[in-house]
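I'd like to ask some things about the structure below.
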Amino acid sequence: MKYKNLLEQKRNFEFLLYKIYHFIFSEKFFKKIEYNFDNSKTRLDLINFLIKKKNYKSYLEIGCHQDEVFSLINIEKIGVDPMSGGNFRGTSDEFFFQNNKKFDCIFIDGLHTYEQVIKDIKNSIDSLSENGVIILHDCLPSKITHQYVPRSRYTWNGDVWKAIVEVRTWEHVETYTILADQGLGVITKKKNSDLLFMKKNNFKKLKFKYLYYNYKTIMRTISYDNFISQMD
Ligand SMILES: C[S@@+](CC[C@H](N)C(=O)[O-])C[C@H]1O[C@@H](n2cnc3c(N)ncnc32)[C@H](O)[C@@H]1O
């Protein structure tokens, strides 16, 4: 208990330092994005719907924490986390380095930085069955403080959204972002039917202000019900 309190204090101190860092050095654009989220649907609903609809047989989760989702998946499964939960103790990079299996459904919810997520997406595409799906959590931060990297608060989406924007410029995959549960990215191995053209290719440097004004197009947002109804 004492050890837990010490860790908590250390974390709060780190958050304070990073808040000061962001106050001095980071982008300042404090408008809130009012997404039209469907609050009745969660990542678990989407994952279990897809597993049932597509008759998927295998599941991989990157970042399991307390197994809130992982424990409720009832097909063959691997859960990767360096700290807690799942059944593979290590980072996603360590997992993919030794993996030679293919998965039908992959849920990416590990380290929420652009650099790690884009790696997780590339590795997941290589480990995805042809008819499979990749789902990503935390794709739609509503405030700049929720996306600041390094992390400076408990509720945190990170800059996962920048990886989604990059994937939207690739021809070989189809990508949507569902308006539910902090933004659920969905990637399938189909030809991109709505390719995003961007002059800039340093995705890490994209600004929150740009997300604010363009999220519908760049993230290709869609309601949960519309996504489900347009699926084949
Ligand atoms: C937001 S939590 C996951 C929540 C869980 N997927 C759920 O839906 O309830 C993020 C988890 O990612 C883990 N994580 C951090 N870095 C990681 C990495 N490089 N590879 C895999 N998991 C990582 C953390 O230890 C943490 O448990």
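The values are calculated or read from the model by the stated rules, or taken from the named source; none is laboratory data. From a predicted model like this one, the values you see are computed outputs, not experimental measurements. Methodologically, a virtual Cβ is constructed for each residue, glycine included, from the backbone with ideal geometry; neighbour enumeration extends over all protein chains shown. Note: areas computed on protein heavy atoms with side chains; ligands, DNA, RNA excluded. Shrake-Rupley method; radii C 1.70, N 1.55, O 1.52, S 1.80 Å.
Given the options Tyr56, Tyr212, Tyr21, state which has the largest fluctuation in a GNM of the chain using a 10 Å cut-off (strictly under) for Cα springs.
Ranking Tyr56, Tyr212, Tyr21 by mean-square fluctuation puts Tyr21 first.
Another question, then. Once phi is turned into ³J(HN,Hα) by the Karplus curve 6.51 cos²θ - 1.76 cosθ + 1.60 with θ = phi - 60°, what whole-Hz value does each residue of the range 31-44 show in order, with x for glycine and proline?
6, 9, 8, 9, 6, 8, 5, 8, 7, 8, 10, 10, 4, 5
Using R₀ = 41 Å, calculate the FRET efficiency as 1/(1 + (r/R₀)^6) where r is the Cβ-Cβ separation of Asn201 and Lys10; round to 0.05.
For R0 = 41 Å, the calculated efficiency reads 0.65.
Please give me, ordered by residue number, the GluC sites (Glu not before Pro) of the range 45-85 that lie in loop per DSSP and have at most 14 other Cβ atoms within 10 Å.
Glu68
While we're on this one: Top mean-square fluctuation among Gln147, Gln116, Gln182, Gaussian network model of the chain, C-alpha springs under 10 Å?
For the chain, modelled as a Gaussian network with Cα springs under 10 Å, the answer is Gln116.
Just to be sure I understand: of the beta bridges DSSP finds with both ends in the chain, what percent are antiparallel, rounded to 5?
Roughly 35 percent of the DSSP beta bridges within the chain come out antiparallel.
What list of ³J(HN,Hα) values in whole Hz, one per residue of the range 84-101 in order, does the Karplus curve 6.51 cos²θ - 1.76 cosθ + 1.60 (θ = phi - 60°) give from phi, with Gly and Pro shown as x?
Calculated HN-Hα couplings, in order: 7, x, x, 9, 10, 8, x, 7, 5, 4, 5, 5, 5, 4, 9, 8, 10, 8 Hz.
If you average 1/r over every pair of different alpha-carbon atoms in the chain and take one over that average, what Kirkwood value in Å do you get?
Computed over the chain, the radius equals 18.4 Å.
Based on the Kirkwood radius over alpha-carbon pairs, what is the Stokes-Einstein translational diffusion coefficient of the range 133-232 at 25 °C with 0.890 mPa s viscosity, in µm²/s?
Value of D from the Cα-based Kirkwood radius: 177 µm²/s.
Still on this structure, please answer the following. For the range 24-157, compute the orientation-averaged projected area of the C-alpha convex hull (one quarter of its surface), in nm².
Value for the range 24-157: 9.2 nm².
Could you tell me what percent of the accessible area of the range 36-229 is made up of carbon and sulfur, with a 1.4 Å probe and every protein chain present?
Here it works out to 50 percent.
Can you tell me the accessible area per residue over the chain, all protein chains present, probe 1.4 angstrom, in square angstrom?
On a per-residue basis, the chain sits at 54 Å².
So what is the relative contact order for the chain, in percent, with contacts set as C-alpha pairs under 8 Å and at least six apart?
19 percent
Please list, ordered by chain and number, the residues whose modelled amide H lies under 5 Å from the amide H of Leu140; skip anything fewer than 5 residues away on the same chain.
Gly183
Among Arg11, Arg89, Arg153, which one shows the highest mean-square fluctuation when the chain is modelled as a Gaussian network with alpha-carbon springs under 10 Å?
The residue with the greatest mean-square fluctuation here is Arg11.
Largest first, how would His146, His172, His22 line up by accessible area (1.4 Å probe)?
His172, His146, His22
Additional query: If you project the alpha carbons of the range 39-79 onto the principal axes, what extent comes out on each, in Å, largest first?
Sorted from largest, the Cα extents of the range 39-79 read 28, 26, 14 Å.
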